[in-house]
Structures are given as C-alpha cells and as structure tokens.
1. May I ask you to compute the full-extension gain from Asp25 to Arg293, defined as 0.36 nm times their residue separation minus their alpha-carbon distance, rounded to one decimal in nm?
2. Choose one of Leu160, Asn111, Cys144: the residue whose Cα lies farthest towards the positive end of the charge dipole of the stretch 101-191 (beta-carbon charges +1 Lys, Arg; -1 Asp, Glu; about the Cα centre).
3. To the nearest µm²/s, what D does Stokes-Einstein give for the stretch 186-252 at 37 °C and 0.692 mPa s, using the Kirkwood radius over alpha carbon pairs as Rh?
4. Find which of Thr122, Leu252, Leu187 sits farthest along the positive direction of the dipole of the stretch 122-279, computed with +1 on the beta-carbon of Lys and Arg, -1 on that of Asp and Glu, about the Cα centre.
5. Let me make sure I get this right: for the stretch 210-332, a, b and c are the square roots of the gyration tensor eigenvalues over alpha carbons, sorted descending. Under 1.5 in a/c it's rounded, otherwise prolate if a/b > b/c, else oblate. Which is it?
6. Of the DSSP beta bridges with both residues in the chain, give the percent that are antiparallel, rounding to the nearest 5.
7. How large is the charge dipole for the chain, taken about the Cα centre, if only the Cβ atoms of Lys, Arg (+1) and Asp, Glu (-1) carry charge, to the nearest 20 debye?
8. Considering the dipole of the chain built from charges on the beta carbon (Lys and Arg +1, Asp and Glu -1) around the Cα centre, which of Ala333, Ala85, Leu284 is farthest to its positive end?
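Every number here is computed from the coordinates shown, using simple stated rules; none is lab data. Computed from a predicted structure; not experimentally measured. We place every Cβ from the backbone using ideal geometry, glycine too, and count neighbours over all the protein chains shown.
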Amino acid sequence: MDDARWEHGSDFHWPGLDIAGTDDDASRWLAGLEAIRYAAGRGALRALLDHGGWPRVWLPSYVCAELVAAVGDRVRFYADDPSQAQGRIPADAQSGHAIVRINYFGLRRPNSAATLRERGLTVIDDHTHDPCGPWARDSDADYCLASLRKSLPLPDGAVLWSPVGGRLPSKPEACEAAAAKLPAMLLKSLYLAGHPVSKPRFRALAIAAEDRLAELAGVGMSAVSAELLECLPIAQLRARRRENFQAFASHLAAEEVGLLQPADPSLTPFACVLLFPSAVARELARRRLIAARIYPAVLWPLDELPDHRAMFPEACEVADRVLALHCDARYSAADMQRVAAGY
Ligand SMILES: Cc1ncc(COP(=O)(O)O)c(C=O)c1O
C-alpha cells in the first residue's frame, strides 16, 4: 500500500494473492461442503425459510437489519448479544418454530443444537463471522448459513448447508449481476497502490453494487465469485485474521475501552470489536478514527427495530457502545499496530 494512500477498513479491495496454494484443510472443507451457493447471506436465509415454511422464526435481539428483513412477518426475538456466552431462549419458542443463532464476531465456542432440537425447534446457525471455524465445521444444527463476502475478498457469495442432511432449497441460477462490486474492489486496490484512481468513483460504485445486491438477494453466487473462491487460501487468510486480532490486542493501550475477546484463545475473531463506556465515547472515537482514515463499522444499529429498546435494553445498550475494526487478511500486523495507535 502506498503510504500516502494508507487507509483502513470499509469495503474490501481486491488484495491480490501473495499466499500460494489452496491445498489447506479449510479450503478443502469448504470446497467439499454440500452447500447451496447464494449471492448474499440474506438470500440464503430467505430461501431456506420459504422452503421450510416455519410459522415463527426466532432471531437474536442483537442482529443485523438484513436478517430481520429476510425473516419478515414471521420474526420473533430472543435476548442475546455478543457480551453474553449464549442467548436466553424464551418458553414460547415452541415445537415447529425455527431459531437462528449467530456466532457473533467468531467469538463463541461450538454449541450443540441438541437441547433446542429436543424442544422441537429447527436450529439455523449463522457462521458469517467465521465460516470455516470450529463451530461451523463441527455444527450439529439443522441448517447453517454463512455470508462469505463479509470475511473474504469476494464481490458476492454465501453458502447454505445442512450438517445433518436436512432437505435444502433448490439451487438458484448463478447471477453475474451480483458481482457488481468487483470493479469497485479493483479500483480501490489500484487507488491504494497510488494509481490515479478517483476515490469518490470507486466508493460510488461500491455503494451502487451493494444496493444492486440487496435487490437481487436470493439469486445464486456469481460465477466470478465461485472462481475467485477456488483461488483463496482460506486457512492462511483465516490465520492472518487471528494474528491481526492478536497484534491489535497487544498494542491497544487505551484503558477506557474494552476489546471483546474470543471464548477461547484458539478462536479466530472476525474483527476487533471495541466496547466503549458510553455511546458518546463511541461516537467521539469513531470520528477520531475516521479523521485518521480508519473506517470502523457500527454493527449493528438496533433502533430501526420497533420497540426493540424497550424489549431488549441489554442488546441495545451493547449496540450503542460497540465499534468494529476490520482485521481481515487485507491488513498486516503493522497496519493493526497503526490502528491501535489511532486512539
Ligand atoms: C452475521 C450476519 N449474517 C448475515 C448477514 C447478511 O449477509 P449479506 O449482506 O450477504 O446478505 C450479515 C451481514 O452483515 C451478518 O453480519
């Protein structure tokens, strides 16, 4: 990266592949998975719910708007957020309903679905934040999904599979229009390397591509993403994410802020998720970071959900105070050190 153009976060650029070979256990596992491939995670969930026909679908109270929209009128919420070890399943989650669990930021240990299944619930696990992590790979849930484009440099892509051989929806057609973000990723990559590329231009392309993907949602993963996925050394990229998290954690000096830690040090966090003492402190830090060209993510604003704050004050209170800093394989330990010094 050209130092004058150095920045951190926001959308993926195409990083090039300086790590050779895809003959690693995670790449092999993902390639061998009997999964249906979608352009986006929300499309995978929507297709599964339409296929399964569950009358009620329980989502954790700390959740992204895309999943809520995919569930639609069937939605009910149960209390869960990343500061907890696991969610509190209410008594009215009944036989015949489906329940979605999220491995928030890849921080959680594998958690068996057996108890929930004994209650007659169909368990759907969301492994977007660590698609090839131990919980995803050892899952005994009825269904699992993962939006791959959130942790890997792909313009689109998500997978839906059933670890227990449950019936899956029929395969959607591959859709090239879903890969609309690729030009933005390439231009951003050239921009970062110092070439004469306009930042507003690739930003506009990325935003338009995200809107396009939202419209398409339930279509199949593009052929170009499928090809790129074949080339990605998933285990190495994942290892870099873990190393980057550790580099950030060891250089974070600010005492007033907490860093959400994995339940076990061998786990691979999706991002460095900071927990501030208040929403005001979070906002001040966000502005300071942006001024230093560090673009964090607010995952997720919950106030758009009607009555949510009254019903789930704990999840809303955590959502008010978190800021997620990217630590994926785009970045080096030196980048993460620079980000940690950004406070
Ligand atoms: C945990 C989780 N699941 C699902 C999704 C939805 O994925 P997509 O944007 O590919 O529809 C997201 C997106 O932020 C997410 O963070």
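1. 92.9 nm
2. Projecting each Cα onto the dipole axis, the largest value belongs to Asn111.
3. Estimated diffusion coefficient is 217 µm²/s.
4. Leu187
5. oblate
6. Taking every DSSP beta bridge within the chain, about 50 percent pair in antiparallel fashion.
7. Rounded to the nearest 20 debye, it is 340 debye.
8. Among Ala333, Ala85, Leu284, the one farthest towards the positive end of the dipole of the chain is Leu284.
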